[in-house]
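In what follows, a structure is listed as structure tokens, so that the remarks can point back to it.
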Amino acid sequence: PRDAAIPRVAERPEIDRWLASRSESLVGEVRARMSEYDLSGACRAVEGFVVDELSNWYIRRNRRRFWKGGAGRDKQSAYATLHGALRTVALLIAPAAPFLAEMLWERLQPGDESVHAQFLPVADELVRDERLEASMRVVERVVEMGRALRERNNLRVRQPLRAIHLRASDPETLELLRSGFASELVLDELNIKSWGSLDADDGQLCTLRAKANFKTLGKRLGKQMKAAAAAIGELEPDRIAALRSGGSVALELEGETVELTAADVDVSVESRADFDVEADGRMIVFLDTELDDALLREGLAREAVNRLNGLRKQAGLAIDDRIRLNLDARGAQLGRALEEHGDFIAAETLAEAWQISKDALPGTEWSECELGDGELLRVSLARA
């Protein structure tokens, strides 16, 4: 795109500025690898960027911006950001994948000289935003931990949850998450209604317990091991948390000071009945796993969206085709879910018109989708 109306990078949303920054970081990494004749390392860096950051993160998160009608400023920004990232990828892979790079370049830059007539790009440090990149790394880590909690509790991401709490060992992590962009991104990615706390009190949500690691401490402490094990078992939560975050703790044993590190102690985290917890060395994530009827109904609505998009695909509809939709629920909870979340279902399935009806649309037949627990959704759809 070369339209003067396209927003400059500095004027784009945070998610666009993040991808632009990561693209420039990638350029710097690839040039560094190539200067060391490490072509395989350069290729792995590009592959990781394309798969993890461009496809699985940026494109997936911005699908609605690409699909929306018209050519507004936000859509132009999304397309320009994606175009810039793909252009960078084409230039970087040209030495290693010449034919793929040329095919991509011809689609991105029709009429321009071959990609092999271009210079290898140089990182634009004015586009780099290291703080934004750091913020996104924290978001990705919290999301990874949240997904692990969902999987452990058999809670699919389509099922909304009430709240997430977090405790971090360093103020920088909390500061990065407190930006509206980062905190909202975590909620949206994990399908959670709200933050309970961004500096949670461990004692209210879980109990930290410590046990001595006899394998590492036994040889070192000898006869003092029994006293050390007792003292470790009585450590206060703050001192246990310090060990978990990579710090050290001093114990007084028989007049001697013994310094403990994380390797010397096994830490367990026990959560409240309605919470589950995931922890690493930097943070603890608490997930409220309790479901009420309202959350379950919203989960049914999101499950309906998934099934409807599957039916769209079976019907041979293009990804941006608009449809008309009649829905009929067999089940009390699903019926209420359609009443409460019908507009959301319509928006997510690109339905220009929808209604709850016992009659199929003219020229169509009902398709049935079982959503579990005796809830049956009947669907009649047609291209608008």
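Computed from the coordinates by the stated procedures, all read-outs in this text should not be read as laboratory data. Since we're looking at a predicted model, the values are computed, not measured.
Listed values, structure above:
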quantity	calculated
Under-5 Å amide H pairs with Phe275, H placed in peptide plane, nonlocal only	Thr289
Vicinal HN-Hα couplings computed from phi for region 253-261 (Karplus, 6.51 cos²θ - 1.76 cosθ + 1.60; Hz; Gly/Pro x)	10, 6, x, 10, 9, 10, 9, 9, 10
C-alpha center-to-center spacing [region 117-194, region 290-360] in angstrom	29 Å
J(HN,Hα) series, region 34-39, from Karplus relation 6.51 cos²θ - 1.76 cosθ + 1.60, nearest Hz, glycine and proline x	5, 5, 9, 6, 9, 5
Listed pairs Lys68/Lys313; Lys313/Lys358; Lys68/Lys358 exceeding 27 Å between Cα atoms	Lys68/Lys358
Value of relative contact order over region 205-268, rounded to a whole percent, pairs C-alpha under 8 Å and six or more apart	43 percent
Percentage relative contact order, the chain, counting C-alpha pairs under 8 Å, at least six apart	12 percent
For Ile356, residues with placed amide H under 5 Å, excluding near neighbours	Leu327
Antiparallel DSSP beta bridges within region 294-383, percent to nearest 5	70 percent
Region 365-384 and region 244-265: distance between their alpha carbon centers, rounded to Å	61 Å
Under the Karplus curve 6.51 cos²θ - 1.76 cosθ + 1.60, θ = phi - 60°, whole-Hz ³J(HN,Hα) for region 122-139, x wherever Gly or Pro sits	10, 4, 8, 5, 5, 8, 4, 9, 5, 5, 5, 5, 5, 4, 5, 5, 5, 4
Computed [θ] at 222 nm, helices only, for the chain once each DSSP H run of length n ≥ 4 contributes -39500 (n - 2.57)	-14500 deg cm²/dmol
